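In what follows, a single structure is set out as C-alpha cells and then discussed.
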Amino acid sequence: MSRRPRGHRPGIVAATLLTAALALAGCSAGAVTQTGTIVSQADGATGQVGPIAVQDVSLEPGPAATAVAGGQVPLRGTIINDGPTTDRLVSVSTPYAQSVRVEGASTIPGGNAVRIVGDEPGPVGPADAALGVGGTMRLTLTGTTQQLRAGPTYEVTFTFERAGAVSIPVIVSAGGLAAEG
C-alpha cells in the first residue's frame, strides 16, 4: 500500500482560510455603517418631540415639482399627539422661507391628530374629539429664499407650546400634485 505525499496541503488550507478571513473582514462595515442612519423618506420626513410626532411631512410645489425662489409652497403631513394633554403648534420656521403661514387647527388634543392638508381645497379646522374627527390645517412656506427641488432635504422646525421644538429634513414631493387635464 502506498501513501500519498502530503506536501503543501496544510499550507494551502491555512492560506485559503487566512485569505477568506481577510476578505470577510474587509467587507464588514462594523457596528455603525454609513447607511445605518439613513431613513427612507419615500412618504416624507418624520420627527418626534415628547408625545408629539410629526409624520410624513413633504413640500408639495405642484406639477412642476419645483418651488421657485420668492414663491410659496404648501406642506403636507400629520401631527399626532400621543400624550394625554392638549398641545398647540406655536410656530413653523425654516431658513428656506421668509415665513410660514398657518391656517386652521393649531391645537392638537391629547390622543388625537391634525392633518396638514397641503393644497387640498376645502375648509380647515379643529379636531372634534366627541366625533373622533381629527383637525386639519394648512401650512404654506411663503417667500421661499431659493429654488426648492426634489432631491435635497430642507430643514423645517415645528415648535409646540408644551413639547418643544423638533427640526426635520423635509423633502420636495417629486410628483407634486397631479396635473389637471
message = As a test, work out the antiparallel percent of DSSP beta bridges whose residues both lie in segment 44-170, rounded to the nearest 5.
response = 95 percent
remark   = Quick P(r) readout (segment 44-170; Cα-Cα; 10 Å bins; whole %) gives 14, 48, 30, 8, 0
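Every number here is computed from the coordinates shown, using simple stated rules; none is lab data. Keep in mind that what you see is a predicted model, and the values were worked out from it rather than measured.
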